Amino acid sequence: MIFSLAIWILALPLMMFLFLGLAGHKLKPATAGILGTAGLGVVALLSYTVAAVYFFGPSREGGLQPEVLFSFDWLHFTDQLQVKLGFLLDPISAMMLVVVSTVSFAVHLYSNGYMHGERGFQRFYAFLSLFTFSMMGLVVATNIFQMYIFWELVGVSSYLLIGFYYEKPSAILASKKAFIVTRFADLGFLIGILVLSYYAQTFDFITLTSLEGPVIGHPVGATFLGVSVLTWALVLIFMGGAGKSAMFPLHIWLPDAMEGPTPVSALIHAATMVVAGVYLVARLFPVYVLAAPDALMVVAYTGGFTALFAAVIACTQNDIKRVLAFSTMSQLGYMMLALGVSGYGGHDGLGFMASMFHLFTHAMFKALLFLGAGAIIHAVHSNFMTDMGGLRKHLPITHITFLLACLAIAGIPPLSGFFSKDEILVAAFHSNKLLFFVAYAVSGITAFYMFRLYYNIFWGVRREYPHPPHEAPLSMSLPLMILAAATIFAGFIPFAQLVTSDGQPFEIHTEWVVAVPAVLIGLTGILVATLMYKSEKTLPDRVAAFFGPLYRWASRKFYFDELYMFITKRILFNKVSSPVAWFDRHIVDGFMNLLAYLAQRSSFLIRGLQSGHIQGYVFVFVLGAVLLSAYMLLFVTL
Amino acid sequence: MQIEDFLLMRHEILLTLGILIILMADLFRPHGRESSFSGLAIGLMAVITLAGLLPVPQGSLFGGMYVSTPLFTLVKNVLTMGTLIVFLQAHSWMTGPLTLRRRSEFYILLMSTLLGMYFMISSGNFLMLYIGLELASIPVAAAAAYDKFRMDSAESGMKYILSSAVSSAILLYGISLIYGATGSLYFERVAAFYTGTPVQMLAFVLFFSGLAFKISLVPFHLWTADVYQGAPTGVTSYLSVVSKGASTFVLLVLLYTVFSKIALLWQPMLFVVAVVTMVVGNLFALRQQHMRRFIAFSSISQAGYILVGLAAGNQLGMSSVVYYILVYVCSNLGVFGVISAIEHATGKLRMDDYNGLYHTNPRLALLMTLSLFSLAGIPPVAGFFGKFFLFAAAAQQGMYVLVILATLNTIISLYYYLLVVKAMFINSNNTPVPFFRTCCVTRTGLVLCALGLVVLGFAAVVYQQMFDMSFGL
C-alpha cells in the first residue's frame, strides 16, 4: 500500500542531507542541485499521494480519524514512559505534508537559478534537505516528544540557513539572534511538555487529545498561583509556539532572519517553519478548547495584537524582505486569532478550519511573494525599494505573479486569500467582536502596505539602472508560475469537508454581511496606496510627517530591539549572570578542582600497590577474598 | 538425541571445525612456504559470525549440562564479532615481518579461548562452567607469551598463568563448598537450595572472587596492568574485550538465576566492590603514560560501572549490562585498533607520542576520540546511552548513593580520557607520528568499530531487543 511508502517522505530528505553533506563537495554544483530537486520532486509526489489517499480513500466513512502509519520505540524507560518515533496521519498533518512538500519543491527548483554560482552551493542543498526532513518529522510526529526533537532540528536548520553567508557579520548576528530567541521560547515549551505529560502520563497526541482521555476526560484539579496546572502547561507550550511563529513579544528574530538567502526566507520564514507554532496549537487544539479555554484566550489575544502590531510596522519599512517578514508575522497572528476564537466540533470549529485554510493559502502566496522578491533582488541587486521602481516592463512574469499574490493577501475575490480570510472574519464575528474589528483593521492595513510595496517596486519612478534588469531564468520563473496557480485555485478547495476540528465535515456559506465590507476595506487600502505611490509624489512624505513621532516609532519597530538589548545587557548580564558566573567559577569549579586534587593526591599515595611482584599480587588476591568473606559473614548475613 | 539438537550447538561445532581447519592447514603447509593464515582465520570467523545470526531454537542438551537461549546466542554473537574485529585489526601485524614461525598458533589459541567462553556461557552445571573457564584461560596465557623472545611478553604470560592458577584454586574451592552445601552442581538444583546460610555465603564469595579475577575487579585486578602491557596488542585487546565481556555476562547470569534468592545479600557486596573498583581503576589510570597500561586501568574502572548496573538486579539492569558489553566491545576495540595500528607502523606506545596525531593522521585521531568519548560516556556516541541505562537501572532500585559515586567517578575518568584527546589535537610535537596508511583489512576493522559506536547510539532497536530478552530477579 501507499502508506508503507510514507517512510520515504522522511527518509529521502535525510539521505539526501547525508549524501550532499558528506560527499557534496565532490559533486558538481549543478549535479547537486538537480539531485536535490529531483529528490524533493519524489517526496512531493509521495506526499500528494498519501494525502489524497487519506482524504479521499476508503477511510472517509464516518469522518477522518487519525491513523498511525508506523511507530517504534526509540527510548523505552518504563511501560508508562517511552519515547516513540512514528508517523501520524490526520487531516492537519496530511495538509501540512502537501504544504511543506510543495513549497520545498518550489524552493529547491528556484534555488538552482537563484543560488547559481554561489560558494557552498552543495552545502545549501544539504541544509535545505535537512530542513525538509526536520519539518516533515515535526509535522507527522505521533507524540509531543518527537515533535520537540524535530522542533529543535528545524531550529538548527533555520540557524544554519540564516547564517549561510557566514562571512557576513550581520548574517551571523541574525542567525544567533534567531536561535537564542527561539531557544528561549523552547524552554517554555519543554517545561510545558514536562508538566503536561506528568499529569497526563503520556506523550502521545492521540491519547492527549481524545475526548475520554486523561486530559480532557479527567482534568487534573491541581492549581498553581490560582490557575490550573493544565492552563499553565498549555500557556507554556504556546510560548514555544509563539517563539517559532514570531508572536509578540518573541517576534524580534524574524525580521533579522531575512539576512538568509531569499529562497530560505520563502521556505522557512514564510511558509513552513514559522507556521509550526500555529500547527502546534492546532495539534493540541481539543485540549486547548475543551480543557483550558483560558489558555486559548491568551492565544487569541496574542495573535490579534501581533497581527495589528506587525501590520503597522510593515507600512514603514523600506527593505522589501522586511516588509514581507512583518506581513508574515501579521498573517501568523491572524491564524492564531482564528484558532483562539474557535470552538470545537461541527460548525463551532469554523475558526480552526479557517486557521488551517489560511495557513494553506498563505503558505502559497507568501512563498510566491518571497520568491518574487528574490527575482527582483536578483535583477536589481538591492533589497531596498528606494532603489527600485518601474520594474514592470523589465520583469513581466515576476510582475504578474507578484500582483496576483498581493491581491490574494489583500483578500480580493476570487483569489485564495479572500476565502480563507473571510472564514476567519466570520469566525471572529460570531465569537469576539473586539478581535473581529482588529481583524478588519488589519486587513485594511495589509492591503495598503502590500500595494505600497507593489507600486514602489513596479511603478513609481522610472529609473536608470546600472545593469538593465532582466527576467529571471526558467528555473526561477517556473516555481513562480506553479505557486501563482496555487494562489489562484487554492481558495476553491473545500476545506470544511477535509480539515475540521473533529474530523467531521460541515457546510459553510458565505456571509455577505462580513464579506462585502471586508472586500471594500481591502479595496480602500489598495486605493489609498494607489493614490500615494503609483507615481512619484510628495504625498507619502507629507503623510509620514503628519504622523510624526508615531511614524518614527513604527519605523524603528517600536524600539523593541533596543528594549531587549537594555534588558539583557544592563539587567540580566549585570544583576543575574555575574553572580551565577561567580558561583559557577568558585563553587562548582572549586568542587571539581578539589575532586581533581584529591584524585591526584591519592593516586600518588597508592601507587606502591602495583609493585610488579606476582607474590604481592597473589597476597592481595587472597587477602581480598578473605576480607570480602569476612564482610559478608559478619555484616551482611548476620 | 536427534541430529537437530546439534543445531543448538552450532556456534561450538563451527568454531571447533574452524580450529581444526587452521591446524590442518598449518600441518599440511608446503615445506618452506611462509603463510600468515590471517585471511583464512578472518574468513572462518566471518562465516561463524554470519551463521550465528541465523535464527536458532532454544533448549538444553546432555541432561541440562548445556543450555541455549536467545540471549546466550546474542552474547555469543557479540563475542564472535569482537574476535573477528580483533583478527581484522591484527592483520597487518600478523602479515608483517615477525621473528616467529607458526603464525597459525595465534589464531588457534584465541579461537580455543573463544570456544571456552561459549561453553562457559551455555553451561548449566558448575563443572561445565569450570571447564569452559579453564579453556578460556590457559590458551590466553600462551597467547600473552606469544612474542616469547621479548622479555615482557614472556613475563606477561607467566604472570597471567600464575594468577590464573590461584584464582582457579579459589574458584574451585568455592564450587566444592557449593556442592557440599547443596548436594548438586546443576544450576537449577543449586538455585533451589540456596538460602544464604553462612557456608553457602562463604562458597558464594569464593566463587565470586574467582570470576572477579577474570573481570579484573579490585582487589583481584593486580595482574591486569602488567599482563596488558607485556602481551602483544592483539592479545591485550582480546583479553580486555572478549574475555572480560564473556566473564561479566556469566557473572550476570549466575547472579540473576542461581544466586537470585540471596540477592539482598550480594547487592551490598557488589556495592562495595563496584565503588572500590571504579575508584582504584580511575586513580591508577590518572598517572599512566604507557597506552596499554592506561587502557588496562581504564578497563578496570569500566568493569566497576558495569557492576553498578549488575547490582540493580532488575530487567533494566540485565539489559543495560548486555548493551554496555556490546558498546564496550566497540569502544575498546576502537581504542586498541588505533593503538595497534600506530604501534605497528612506528613502534610508539607512550601517550607523549600521540601529541599532534590529529595533524598527521586525522582519521585515526577521530576514531580514537570517538572511542574515548564513548568510554567516557559523552553523548551522542553509544557509550553515553550505555552508561545512562546502567545508572538508570541502579536509580530505579533506589541506589542513589551508588549512582552518585559512579557519576563522580565518571567525572574523574573524563579527565584522563580527555588527556589523550588533548594530546592528539592540541599538544604540539616536533616528531609526530608520520602519516601512514593502514592496510584495507585493518581499516575494515577500524571502520566497523566507528560504525558500531555511532549506530548503536541511535538504533534503539538493538537495545529494545536486548530488553525484551532480559529478565529481572
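Structure notes:
- Residue order, fewest to most surrounding Cβ atoms within 10 angstrom, among A:HIS430, A:HIS381, A:HIS116, B:HIS11: A:HIS381, A:HIS116, A:HIS430, B:HIS11
- Hz values of 3J(HN,Hα) by residue in segment A:121-130 - Karplus curve (6.51, -1.76, 1.60), Gly and Pro given as x: 4, 5, 4, 4, 5, 4, 5, 4, 5, 4
- Around the Cα centre of segment B:3-472, unit charges on the Cβ atoms of Lys, Arg, Asp and Glu (plus for the first two, minus for the last two) sum to a dipole of about 700 debye.
- Residues whose amide H falls under 5 Å from that of A:THR142, counting only those 5 or more places apart or on a different chain, are A:GLY86, A:LEU88, with hydrogens built in the peptide plane.
- Taking the Cα atoms of segment A:378-508, the ratio Rg/Rh between the radius of gyration and the Kirkwood radius comes to 1.08.
- Evaluated at q = 0.12 Å⁻¹, a Debye calculation over the C-alpha positions of segment A:530-581 (equal weights, vacuum) places log10 I(q)/I(0) at -0.49.
- Amide hydrogen neighbours beyond the local backbone of B:ALA145, cut-off 5 Å, H modeled: B:GLY157
- Dimensions of segment A:472-594 from C-alpha coordinates, computed as largest minus smallest value along each principal axis and given longest first, are 74, 53, 44 Å.
- Neighbour-count order for A:TYR198, B:TYR146, B:TYR415, A:TYR279, fewest beta carbons within 10 angstrom listed first: A:TYR198, B:TYR415, B:TYR146, A:TYR279
- Mean shadow area of chain A over all directions, Cα convex hull, nm²: 38.3
- Distance from the alpha carbon centroid of segment B:355-426 to that of segment A:77-137 works out to 33 angstrom.
- Average Cα contact separation per residue, chain A, under 8 Å, 6 or more apart, as relative contact order %: 12
- Cα-centre dipole for the protein assembly as shown with unit charges at Cβ (Lys and Arg positive, Asp and Glu negative), debye to 20: 2620
- Remark: for residue pairs A:LYS393/A:LYS557; A:LYS28/A:LYS176; B:LYS76/B:LYS244; A:LYS321/A:LYS366, the C-alpha separation exceeds 22 Å in A:LYS393/A:LYS557; A:LYS28/A:LYS176.
- Normalised per residue, the volume of the convex hull around the Cα set of segment B:98-243 (Å³): 92
- As a proxy for reagent exposure, ranking A:LYS26, A:LYS534 by other Cβ atoms within 10 Å from fewest up yields A:LYS26, A:LYS534.
- Cα lying deepest toward the dipole's positive end in chain A, options A:ALA271, A:GLY137, A:LEU254, charges on Cβ: A:LEU254
- Per residue, chain B reaches -24500 deg cm²/dmol at 222 nm when only DSSP H runs of four or more residues are counted, each adding -39500 (n - 2.57).
- Rg over Rh for segment A:49-160 works out to 1.06, using Cα positions for both radii and the Kirkwood form for Rh.
- Contact order relative to length of segment A:390-530, as percent, for alpha carbon pairs under 8 angstrom and 6 or more apart: 42
- Once divided by 2.2 N^0.38 Å, the Cα radius of gyration of segment A:1-65 becomes 1.47.
- The shape of the protein assembly as shown can be summarised by an equivalent ellipsoid whose semi-axes, obtained from the alpha carbon gyration tensor, come to 66, 32, 28 Å from longest to shortest.
- Projected-area average for segment B:3-472 over all orientations - Cα convex hull basis, square nanometres: 20.9
- Each listed q (0.15, 0.16, 0.27 Å⁻¹) maps to a log10 I(q)/I(0) for segment A:285-343 from the Debye sum over equal C-alpha point scatterers, namely -0.46, -0.50, -0.92.
- Value of relative contact order over segment B:3-472, rounded to a whole percent, pairs C-alpha under 8 Å and six or more apart: 15
- Alpha carbon centroid spacing (whole Å) that separates segment A:277-331 from segment A:454-494: 27
- In plain terms, the bigger the Kirkwood radius, the slower the diffusion; for segment B:6-79, with that radius from Cα pairs, at 4 °C and 1.567 mPa s, Stokes-Einstein puts D at 93 µm²/s.
- In summary, the convex hull built on the alpha carbon positions of segment A:167-296 has an orientation-averaged projected area of 8.4 nm².
- The share of C-alpha pairs in segment A:438-511 whose separation exceeds 16 Å stands at 76 percent.
- When the helices of chain A are scored as -39500 (n - 2.57) per DSSP H run of n ≥ 4 and the total is divided over every residue, the value at 222 nm lands at -21500 deg cm²/dmol.
- Positive-end residue, segment B:3-472 charge dipole about Cα centroid, Cβ charges, pick of B:MET424, B:ALA393, B:LEU372: B:MET424
- About the centre of its Cα atoms, segment A:1-102 shows a dipole size close to 500 debye [charges on the beta carbon of Lys, Arg (+1) and Asp, Glu (-1) only; nearest 20 debye].
- Once the convex hull of all Cα atoms in segment A:308-437 is built, its volume per residue stands at 96 Å³.
Every number here is computed from the coordinates shown, using simple stated rules; none is lab data. None of these values were measured; they are calculated from a predicted model. Neighbour counts run over all protein chains shown; Cβ positions are idealised from the backbone, glycine included.
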